[in-house]
Amino acid sequence: MKKVVVDIYKINNLYSGLGQFSNNYKHELIIQSKDKFDLQFLVPKSIYKTNKNKANLIQANFLYRYLPSFTTKVDLWHSIHQFHSHWPHPNSPLLLTTHDLNFLIEKTPIKAKAYLKKLQSNVDRANALTAISDFTKQTMESHLDLKGKKIIKIYNGVQFLNSEFESRPNSVNNKKFFFGLSVFKEKKNFHTLIPLM
């Protein structure tokens, strides 16, 4: 059985989009794989310590961050965020998922250049690339040297939590609502909802 490690280190912050994505991705991947792979999930020390079932968890440590040559080789390592802080063994294939290149407009030109250089390095190391949208894919293609690598677009999934929401997507308890998936930060533009309403 092929050994696959998924870096879900960002699960530490469940109040962020990446935290929620990491958590839901883990659960859905376990369901979808149905014992096709030996799945392991790289998690922060705090998550590892508080989780009762450690069977498929790997505690992140300094080896994965600074000395990946001393870690175990696996059949596939999936970094689900473009700026991962942990690395697979040099001989392990790396699948890199990119969510966005927002730093190009959010950061100063000097910082944006540094982020782009880091992302280029991550893309260079990756064996396969995925992006979560056409926009992200196109932005990568116009700002990075892909060296002939193709980017596969895979949208993030949505999980409905109960049948009431699924059967009545325009209302909850017969009341209309706005549904947003995001942390409450100015860049997410929630402040525009009141004038919009």
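The values are calculated or read from the model by the stated rules, or taken from the named source; none is laboratory data. Remember, it's a predicted structure, so these values are computed and weren't measured experimentally. Reconstructed Cβ throughout: ideal geometry from the backbone, glycine too, with neighbour counts over all protein chains shown. Areas reflect the complete protein model, heavy atoms only, side chains present, ligands, DNA and RNA absent. Shrake-Rupley method; radii C 1.70, N 1.55, O 1.52, S 1.80 Å.
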Within the set Lys153, Lys176, Lys34, GNM on the chain using Cα springs under 10 Å gives the largest fluctuation to Lys176
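Residues of the chain: accessible area per residue at 1.4 Å, in Å²? Intermediate values should be presented prior to the final figure.
On the way: 13060 Å² over 197 residues.
Heavy-atom accessible area per residue stands at 66 Å².
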Full extension between Ser133 and Lys34 adds, at 0.36 nm per residue less the Cα distance, a length in nm of 33.0 nm
Taking the alpha-carbon centre of each part, the distance from the stretch 6-27 to the stretch 125-141 in Å is 20 Å
Here, Asn102 and Leu116, labelled 7 Å along Cα→Cβ, have an inter-label distance in nm of 1.9 nm
If unit charges are put on Cβ atoms (+1 for Lys and Arg, -1 for Asp and Glu) and the dipole of the stretch 1-122 is taken about its Cα centre, the option from Gly19, Pro44, Phe103 lying farthest towards the positive end turns out to be Pro44
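Counting Lys and Arg as +1 and Asp and Glu as -1, each charge on the Cβ, what is the dipole of the chain about the Cα centre in debye, to the nearest 20?
On the way: 29 positive and 14 negative charges, 80 e Å.
So the magnitude is around 380 debye.
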Expected vector for the stretch 113-119, Karplus 3J(HN,Hα) from phi with 6.51, -1.76, 1.60 and θ = phi - 60°, integer Hz, x for Gly and Pro, equals 5, 5, 5, 5, 5, 5, 5
Length gained, Lys153-Met1, 0.36 nm per residue minus C-alpha separation, equals 52.1 nm
Each label sits 7 Å from Cα toward the beta-carbon; between Arg125 and Asn53 the label points are separated, in nm, by 3.1 nm
In whole Hz, the Karplus estimates of ³J(HN,Hα) for the stretch 84-100 (6.51, -1.76, 1.60; θ = phi - 60°; x where Gly or Pro) are 6, 10, 10, 10, x, 3, x, 9, 8, x, 10, 9, 10, 9, 10, 8, 6
Per-residue ellipticity at 222 nm attributable to helices in the chain (runs of n ≥ 4 DSSP H, -39500 (n - 2.57) apiece, nearest 500 deg cm²/dmol) works out to -9500 deg cm²/dmol
Long-range amide H partners of Lys73, meaning residues 5 or more apart or on another chain whose placed amide H is closer than 5 Å, are none
Label model pair Leu146, Phe190: point-to-point distance (7 angstrom along the Cα→beta-carbon line) in nm is 3.5 nm
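Going down the list Lys111/Lys185; Lys117/Lys150; Lys117/Lys147; Lys49/Lys188; Lys117/Lys137; Lys73/Lys147, which pairs span over 22 Å between their C-alpha atoms? Could the numbers behind the result be given before it?
Numbers: Lys111/Lys185 20 Å; Lys117/Lys150 19 Å; Lys117/Lys147 15 Å; Lys49/Lys188 33 Å; Lys117/Lys137 17 Å; Lys73/Lys147 25 Å.
Where the Cα-Cα span goes over 22 Å, the pairs concerned are Lys49/Lys188; Lys73/Lys147.
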Expressed as a percent, the accessible surface of the stretch 1-104 that is carbon or sulfur, using a 1.4 Å probe and the full set of protein chains, is 54 percent
So, relative contact order of the chain in percent, Cα under 8 Å, 6 or more apart, is 15 percent
Most fluctuating of Val43, Val74, Val183 in the GNM of the chain (C-alpha, under 10 Å) is Val183
